[in-house]
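Enquirer: Okay, here's the structure, questions in a sec.
Every read-out reported here was derived from the displayed coordinates using simple, explicitly stated rules and does not represent laboratory data. None of the values given here were measured: they were computed from a predicted structure. As a convention, Cβ positions derive from the backbone with ideal geometry for all residues, glycine included, and neighbour counts pool all protein chains shown.
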Amino acid sequence: MCMQPTRVRPAQKWGWAGHEIVHDPVIPASRTVPGTKRARYPIDVRAFLSIEGNAAVRAWLDRLRGDLTAAGLRRFSGRGPGDFDARVDLVTAYTRRHLRYQRSSRHFDQWRFPEETLAAGGGDCEDLAFVLTALLEGAGVSVDCLRVVLGEVTEHRPGGIRSWDHAWVVYQNEKGSWEILDPLGSVRPAAPPQRRRSAADVEYVPHFVFNRHHLWRVRSPSPRAGDALSSYLADRTFWAGFNPSFAIGVHEHILDLALVTMPADQLQEVKRWNSWVDVDVLAYDPRDHFDFAYVEAGWGRVEQRLDGVKAKLAAGDVRDFTLAAHALADFYAHTLYADFVQPHNGSLPLYDPDSPLPSGSLVYDFTRYRELPACSHTAMQAQEHWNGTLISGQWWRWYTTYPDELETAAELEWRRCLPDHDAIAVDSATPKSAHAHYAGAEYARQFALRQQAAVDHIRRLYEEAMSA
């Protein structure tokens, strides 16, 4: 639907809370019982998170508090709007500074408990997921809002896909959406970070989730989705060429690149609002995303939201700025603007709504698309109607809403004769199966150009707002 702000594919389709309780959470373990020679004994997977009141975790969090500024301490201890999200950010940032990923040949039956990971200064992905969850709960984040995920990461590239098993944390933030907290993106890498590869998307696919109360299965099309926990763990495999620093690159956000001068805590809030725009499909308005060829109206909403935005940001209100920035990114991702301008020094010229493109240059061929959803005219009639106007695709989906004043407008007849959104939008690093506008290397080039234009335009928007 919207420009993908990181290399991570949208994750809303997964049931991160869990679908079905698994009543057998016991797995084999390989720990020597003190004073005996017995090497193996069964253990409940939830035991790795059973740290309520743990003094070692509490001592570590006390050191974190000692490093905070007075303002940070207020957020860490507060219970007002945004304070729990801020708490998550402070814990993950502190974890990055003090824990390290440690490659390990240990199997699932030799996972570390959180105290052991803290004592060792790090661990593998499971160890780090356990300790991050323990620290977040110890900091006051509700256990009901936390899950450790056992699943796989799939990398989608034009030439194919590859997957590897992984463990991470998800957190249900204050807006109600689940965030992926990859422990490998929250700790110091053991090796130099991989260079970002813009031609790939990464998808996090959950199989099991758990907290210290329950273990749940997550439904998915995967053939492993019905496995018992012990069978699933025994069959887990890891990509031999895996570099744990992948998480630093794939979670790099276009807002991190665009808003380098924004205070870190405010940037985190902007990023959460940005994600919420994608999740909240029941508040969908095409003018907020430059869909259905609402280009002029879209820019009007951007300008309206930027009115007085400096004072709003100073007061801690990031909503209007985030919606404006989100819309800017969608302008470049959704419209065909890039088809009608020439890059200069490898970058698209930034769009100026006061100087629209010459109408005579805007000529289309709608016959190249498989269908025009719900159109009562021929493709030739539709393209003739839209020639001379900068267009975007129609994003008409059964699971969302559409503003009443737009749905009853006479012009809707022609807006339903636009190509489907997925056929022409360049939202992600790899094209959707329905994409029909660019092929192969040209799609990848278009995504890089449009993403960079979004970064440059959002940066300029923020700098102008702050200097107003």
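Enquirer: Stretch A228-D352 to full length: gain in nm at 0.36 nm per residue minus the Cα-Cα span?
Expert: Separation in residues times 0.36 nm, less the Cα-Cα distance, equals 39.0 nm.
Enquirer: Right, here's the next one. Which one of H253, A315, S355 is farthest out on the positive end of the charge dipole of the chain, using unit charges on Cβ (Lys, Arg +1; Asp, Glu -1) and the Cα centre as origin?
Expert: H253
Enquirer: Along the charge dipole of the chain, pointing to its positive end and built from +1/-1 on Cβ of Lys, Arg, Asp and Glu, which listed residue (I391, T6, A409) has its Cα farthest out?
Expert: Of the listed residues, the answer is T6.
Enquirer: Under 15 Å from the Cα of K432, which aspartates and glutamates turn up, not counting those fewer than eight places away in the same chain?
Expert: Excluding near neighbours in sequence, the set is E155, D201, E203, D420, D422, E442.
Enquirer: Just to confirm my understanding: which cysteines in the chain have no other cysteine beta carbon less than 4.7 Å from their beta carbon?
Expert: So far as the 4.7 Å Cβ criterion goes, C2, C125, C145 stand without a partner in the chain.
Enquirer: Among the GluC sites (Glu not before Pro) in the stretch 383-468, which ones are in a DSSP loop with at most 15 other Cβ atoms within 10 Å of the Cβ? Mind listing them?
Expert: Of the GluC sites (Glu not before Pro), the ones in loops of the stretch 383-468 whose Cβ has at most 15 other Cβ atoms within 10 Å are E411.
Enquirer: Moving on. When the dipole is taken about the Cα centre of the chain, and only Lys, Arg (+1) and Asp, Glu (-1) are charged at their Cβ, what size is it in debye, to the nearest 20?
Expert: So the magnitude is around 2140 debye.
Enquirer: Give the calculated FRET efficiency between V26 and D256 to the nearest 0.05, with a Förster radius of 51 Å applied to their Cβ-Cβ distance.
Expert: So, using R0 = 51 Å, E works out to roughly 0.75.
Enquirer: On a straight-distance basis, which lysines could pair with K175 in a cross-link, Cα separation under 23 angstrom, same-chain partners fewer than 8 positions away excluded?
Expert: The qualifying lysines are K13, K271, K312.
Enquirer: Sum -39500 (n - 2.57) across every DSSP H segment of at least 4 residues in the chain, then divide by the residue count to get the 222 nm mean residue ellipticity, nearest 500.
Expert: The helix contribution divided over the chain gives -11000 deg cm²/dmol.
Enquirer: What fraction, in whole percent, of alpha-carbon pairs in the chain exceed 45 Å separation?
Expert: Roughly 17 percent, once rounded to a whole number.
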